[in-house]
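Colleague: Following this message is one structure expressed as structure tokens.
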Amino acid sequence: MSIKENLSSILSTLPESVTLVAVSKTKPISDLQQVYDEGQRIFGENRVQEMTEKWENMPKDIEWHMIGHLQRNKVKYMAEYVSLIHGVDSPRLLAEINKQAEKYNRTISCLLQVHIAEEDTKFGFDEEELLALVENEEFKAYKHVKIVGLMGMATFTDDMNQVRREFKSLKSLYTKLEKTYPNFTILSMGMSGDYKIALEEGSTMVRIGSSIFGTRK
């Protein structure tokens, strides 16, 4: 199927209340343009340099989401334009985003990444660390970051029961926090291989790449 047909197929499975992030990392601008021409306005990248090049060369009504692991020294290169940072996984990264956003007089929306997978390679807070962060007075004083929800990545496994358990645990934590923090409106979980389970478990934002653009070379 073509990129256009893939996108249409994915959109037909998503409720209106769920936001699609088209994960365009490593893909050429010509591929992104096809998806843009179909009305998609949110793209996710995991390398700041590549995202910046695309931002410079594509229409300015696109929302760029940083979805990969983010190093603090890279924040300054995207602070001018990034719409949402999915993977905030440490207090120091949050402090740096606040500092760089201030230079542009912006408030950058962020998701706190929660470690739900059984793999050591995934980043993120555990529940205790997360609760400590959102109660921290220094964090509450930040004027240039806005925490709008949580993000998590399930274990890369064929055991869909395990994937479901991990998504369920993240939804449970999200429910606990959204009662206290009215800015919490986004639960970002689910990718090409597991997004349908994520939707069943309450995801409000899915990050889909290969099912739209084809597998990465």
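Colleague: Output the number of the condition that GLU38 fails; it satisfies all remaining conditions of (1) under 26 Å from GLU137 (Cα atoms); (2) surrounded by fewer than 19 Cβ atoms within 10 Å (Cβ to Cβ); (3) among the acidic types (Asp, Glu).
Modeller: (1)
Colleague: Okay, moving on. Taking the condition in a strand (DSSP E or B) and within 18 Å of the chain's Cα centre (by Cα), does GLY44 pass?
Modeller: Yes.
Colleague: Let me spell it out: the conditions are (1) open to solvent by 10 Å² or more (accessible area, probe 1.4 Å); (2) modelled with pLDDT of 95 or more, and MET189 meets all of them except one. Which number is the exception?
Modeller: Only one criterion is unmet by MET189, namely (1).
Colleague: Something else now. Taking segment 166-186, which residues are free of Cβ contacts under 8 Å to residues at least 40 places away in the same chain, part of a helix (DSSP H, G or I) and either open to solvent by 80 Å² or more (accessible area, probe 1.4 Å) or closer than 18 Å to LEU84 by Cβ (or both)?
Modeller: The answer is LYS168, TYR174, LYS176, GLU178.
Colleague: Can you name the residue in segment 106-130 that is farther than 18 Å from LYS168 by Cα and without any contact (Cβ under 8 Å) to a residue 24 or more places away in the chain and, of all such residues, is nearest to the chain's Cα centre (by Cα)?
Modeller: THR121
The values are calculated or read from the model by the stated rules, or taken from the named source; none is laboratory data. This one's a predicted model, so the numbers in the text were calculated from it and none came from an experiment. No Cβ is skipped: glycine too gets one built from the backbone with ideal geometry, and neighbour counts run over all protein chains shown. SASA here: full protein model, heavy atoms, side chains in, ligands and nucleic acids out. Shrake-Rupley method; radii C 1.70, N 1.55, O 1.52, S 1.80 Å.
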